[in-house]
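So that we are looking at the same thing, I have put the structure below in structure tokens.
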Amino acid sequence: MTPLAFGLKSLADNWVVVVPVKGSSEAKSRLGVGPGRAALADAFALDTVTALVAASAVERVFVVTASARLGALLGGLGAVIVPEAPVVETGHARLNAGIVQGIAAARLAYPQVNLAVMTGDLPALRPGDIDAAFALAAAQPRSMVPDAEGVGTTTLLARVGVTVTPRFGLGSRAAHQGDGHIVLDLPPTSSLRRDVDTAADLEAARLIGLGPHTSALL
């Protein structure tokens, strides 16, 4: 759907979602699954975007990635691909710089739609959980979803016209709360909280139910 066509709809409950995706052999280094680690990281991103595209509250998904190969796959799912601009930063600084680029693209295309940023490592993500979380977020100018450990962030949300400064990385929950993001009251079992960095995380996500791309690899 084009932004013009979307303008004919009510904007109150709709969201555009920015998803940063590394798409490189260095992705998910803590998984420790050998040569298949990069393929697994790709599958996480594919399952994350698949669930987002299927959620009724999501109008459009913007993926920021430097990988043309993975970008083509994610674009095939319906995402808008924002090629990551070269930056001097590394690690989480590079991640946040890419998110800023995605936010700019999303808000340029959909200036009257709420905005969310979601990590691309949620292979158990379910559309129903997305819709439930976004419905809660509609009541707050800024909100967030912490990871299962309670110290990181999987999702950052802001209503129309509210600025967002991504601070993903170590201690991101505290950093985002310091910016005024309210922690959404989601159950511990919500699939939005189950990002995957380690083998133990992957097993926990498996208990929820992995998406088709990750399941195919495992």
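The values are calculated or read from the model by the stated rules, or taken from the named source; none is laboratory data. Just so we're clear, the structure is a prediction, and the values are computed from it rather than from any experiment. Ideal geometry is used to build each Cβ from the backbone, glycine not excepted, and the neighbour counts take in all protein chains shown.
Please work out if ASP47 is acidic (Asp, Glu) and either buried (at least 20 other Cβ atoms within 10 Å of the Cβ) or at pLDDT 95 or above (or both).
Working: acidic (Asp, Glu): yes; either buried (at least 20 other Cβ atoms within 10 Å of the Cβ) or at pLDDT 95 or above (or both): yes.
Answer is yes for this residue.
Just for the range 46-66: of the residues that are in a strand (DSSP E or B) and among the β-branched types (Val, Ile, Thr), which one is nearest to ARG126 (Cα to Cα)? Break it down into steps so the answer makes sense when it comes.
So in the range 46-66, the residues in a strand (DSSP E or B) come out as 58-65.
When the remaining residues are screened for being among the β-branched types (Val, Ile, Thr), the result is 58, 61, 63-65.
Details: VAL58: 13, VAL61: 15, VAL63: 18, VAL64: 21, THR65: 22 Å.
By that ranking, first place goes to VAL58.
When you check GLY71 against the structure, is it at pLDDT 95 or above, surrounded by fewer than 19 Cβ atoms within 10 Å (Cβ to Cβ) and either closer than 26 Å to LEU218 by Cβ or touching a His at 6+ places or on another chain (Cβ under 8 Å) (or both), yes or no?
Numbers: at pLDDT 95 or above: yes; surrounded by fewer than 19 Cβ atoms within 10 Å (Cβ to Cβ): no; either closer than 26 Å to LEU218 by Cβ or touching a His at 6+ places or on another chain (Cβ under 8 Å) (or both): yes.
Judged against the criteria, GLY71 is not a match.
Checking the condition touching an Asp or Glu at 6+ places or on another chain (Cβ under 9 Å), modelled with pLDDT under 95 and either small (Gly, Ala, Ser) or surrounded by fewer than 20 Cβ atoms within 10 Å (Cβ to Cβ) (or both), which residue from GLY36, GLY23 passes? Break it down stepwise before answering.
Values: GLY36 fails: touching an Asp or Glu at 6+ places or on another chain (Cβ under 9 Å).
Of GLY36, GLY23, the one residue that is touching an Asp or Glu at 6+ places or on another chain (Cβ under 9 Å), modelled with pLDDT under 95 and either small (Gly, Ala, Ser) or surrounded by fewer than 20 Cβ atoms within 10 Å (Cβ to Cβ) (or both) is GLY23.
Cβ-Cβ under 9 Å, sequence separation 6+ or interchain: first residue in the range 91-116 and closer than 11 Å to GLU59 by Cα, partner modelled with pLDDT under 95 and assigned to a helix (DSSP H, G or I). Which pairs?
Here the result reads TYR110/PRO3; TYR110/PHE6; VAL113/PRO3; VAL113/PHE6, each pair linking the range 91-116 to a residue that is modelled with pLDDT under 95 and assigned to a helix (DSSP H, G or I).
Right, next: Considering the range 74-97 alone, what residues qualify as being of a type in the set (A, V, I, L, M), in a helix (DSSP H, G or I) and surrounded by 14 or more Cβ atoms within 10 Å (Cβ to Cβ)? Reasoning before the result, please.
Within the range 74-97, the first condition is being of a type in the set (A, V, I, L, M), and the residues that meet it are 74, 77, 79-82, 85, 87-88, 93, 95, 97.
Still in the running and in a helix (DSSP H, G or I): 74, 93, 95, 97.
Answer for the range 74-97, where residues must be of a type in the set (A, V, I, L, M), in a helix (DSSP H, G or I) and surrounded by 14 or more Cβ atoms within 10 Å (Cβ to Cβ): LEU74, LEU95, ALA97.
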